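These notes concern the structure reproduced below.
Read-outs throughout are calculated quantities, based only on the coordinates presented, and are distinct from any laboratory measurement. Please read all numbers here as calculations on a predicted model, not as lab measurements. Cβ placement follows ideal geometry from the backbone for every residue including glycine, while neighbour counts extend to all protein chains displayed.
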Amino acid sequence: MVVPAARSYGGRSAHARRLERRDKLIDAAITVFATTGYAASSVSEICTHANLSTRQFYAEFADREGVLGAAYDLVNTNASAVVAAAAAATVDDQFDIRLRKIVHSYLAEIVRDPRHARIAFVEVVGVSAPMEAKRHARVEAWIELLDLAAAPAVASGELPSRDYRLAWIGYIGAVNALVAHRTLNSPHTPIDDLVEELVRMARSGVLH
């Protein structure tokens, strides 16, 4: 039996159009959650911003939490890619220099769009048990990345050989707290000031 091909409109396949609608809904949700706030938002408000119908929304997401999770994943995926590139470019640097560049790349990406910082550090907190599990999984991913970044320094003797897991958990918590504080307060603390503070924390704690 021959299965008819999906129709193409304007040179774009049905799959491409669906991905475009999904991206529009995520971007609209980011705007709504960052301005109205997740708790006060509605699906209809998101759809209005996206210029799409609620039917199209529910074809992609079960509810507001579903699109919040997708927005959170998008922000962190983008940040992870930037951090991975910074880590790859600094393999031969001393670790405190390497960490400075990694932290700077992360913060610069996160605050590049103020909506993203609001999503990642404010709106997702305490939403539900599944969302908290998603946040904890992201922390585990950052711990793994930081361990990999520190591995050459441990191997060379620059850093002591020990289990850094608790140190990284505390360090990630400090990053989260500082970015959340910056997001919620105006004027915003300059990124370079945050980087310097986080490097000082690392030198006095994590790197020992």
Next on the checklist: Using the basic label-point model (7 angstrom from Cα toward the beta carbon), what is the Ser156 to Gln56 distance in nanometres?
Outcome noted: 5.3 nm
Checklist entry - Which value in nm describes the separation of the simple spin-label points at Val91 and Ala16, placed 7 Å from the Cα toward the beta carbon? => result 3.7 nm
Checklist entry - For the peptides 56-69, 108-121, what is the packing order when you average, over each peptide's residues, the other Cβ atoms within 10 Å and list the highest mean first? => result 108-121, 56-69
Next on the checklist: Among His181, Ser42, Met131, whose Cα projects farthest towards the positive end of the dipole of the chain, with charges put on the beta-carbon of Lys, Arg (+1) and Asp, Glu (-1)?
Outcome noted: Ser42
Checklist entry - Which FRET efficiency value, to the nearest 0.05, do you get for Asp147 and Leu184 by plugging their Cβ-Cβ distance into 1/(1 + (r/R0)^6) with R0 = 30 Å? => result 0.50
Item to check | Estimated FRET transfer efficiency when R0 is 25 angstrom, pair Ser128-Asp73 (beta carbons, to 0.05) | outcome: 0.95
Checklist outcome for this item: Taking the square root of 5λ for each eigenvalue of the C-alpha gyration tensor of the range 64-206, the equivalent ellipsoid has semi-axes, largest first and in whole angstrom, of 26, 17, 14
Item to check | the range 147-208: C-alpha gyration tensor shape, a/c 1.5 cut-off, then a/b vs b/c | outcome: prolate
Checklist entry - Which order do Leu145, Leu194, Leu166 fall in if you start with the one that has the fewest other Cβ atoms within 10 Å? => result Leu166, Leu145, Leu194
Checklist outcome for this item: Cβ density ranking, 10 Å radius, fewest first, applied to Val103, Val125 yields Val125, Val103
Checklist entry - What does the helix-only formula give at 222 nm for the chain: each DSSP H stretch with n ≥ 4 adding -39500 (n - 2.57), the total divided by the residues, and the result rounded to the nearest 500 deg cm²/dmol? => result -23000 deg cm²/dmol
Checklist entry - For the chain, what is the charge dipole size about the Cα centre, in debye to the nearest 20, if Lys and Arg each add +1 at the Cβ and Asp and Glu each add -1 at the Cβ? => result 720 debye
Checklist entry - Would you list Ser53, Ser161, Ser41 from fewest to most Cβ contacts within 10 Å? => result Ser161, Ser53, Ser41
Checklist outcome for this item: Two pseudo-spin positions, 7 Å from Cα along C-beta at Ile172 and at Thr48, lie apart in nanometres by 3.7 nm
